[in-house]
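S.K.: Structure in structure tokens, see below.
Laboratory data are not the source of any read-out in this text; all were calculated from the coordinates shown. Quick caveat: nothing in here was measured; it's all calculated off a predicted structure. Please note: Cβ atoms are built from the backbone with ideal geometry, for glycine as well, and neighbour counts cover all protein chains shown.
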Amino acid sequence: MSEATDRPDADAWAKASAEDIAAEHARRRTEAGQGAGSAGEELRRLAEAVGDAVNDRLATLRNPAVQMAAQGVISQVRSVVEPIKDRNPDLFDHLTAAGAELLAAYRSAVAGAESRWTSGSGSSRSTAEHIDLD
């Protein structure tokens, strides 16, 4: 046997977990009557949910000026995003994919730095100076 087949895949657990989570999300969407939807649709749903949450929080303030200002901001954001989404639905898919790739690169960089920090493979000699205060 080769050495590569003796060792299990280091990411096997992560891959299996991600597949299980994706399957569970799909099952819940189907159960709720929602299709998978595009990234643009998911973004629209997220924006609506955030807008509703903000509206609920603002309603508790009972300050009409704050409520009107928040409503104005929300409507301005919607008026900018909706036409872009309607004209270029693939744009949101592309941005979502790019964001996922950036997140994967960030995680990889952090994991590499974290493994170096925790392994102790760096210099055993510290640049810190001990000062005796007694």
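S.K.: Of Val77, Val73, which residue is more than 20 Å from the chain's Cα centre (by Cα) and in contact (Cβ under 8 Å) with a residue 12 or more places away in the chain?
M.R.: Val77
S.K.: Confirm whether Leu95 is under 30 Å from Ala14 (Cβ atoms), touching a helix residue (DSSP H, G or I) at 6+ places or on another chain (Cβ under 8 Å) and not small (Gly, Ala, Ser).
M.R.: Taking the combined requirement at face value, the residue satisfies it.
S.K.: Residues being farther than 19 Å from Arg45 by Cβ and of a type in the set (Phe, Trp, Tyr): count how many of those fall in segment 55-106.
M.R.: Residues flagged as farther than 19 Å from Arg45 by Cβ and of a type in the set (Phe, Trp, Tyr) within segment 55-106 amount to 1.
S.K.: Also: Looking at Leu133 and the list (1) within 30 Å of Arg44 (Cα to Cα); (2) more than 23 Å from the chain's Cα centre (by Cα); (3) loosely packed, with under 11 Cβ neighbours inside 10 Å; (4) of a type in the set (A, V, I, L, M), which single condition is not satisfied?
M.R.: Leu133 satisfies every listed condition except (1).
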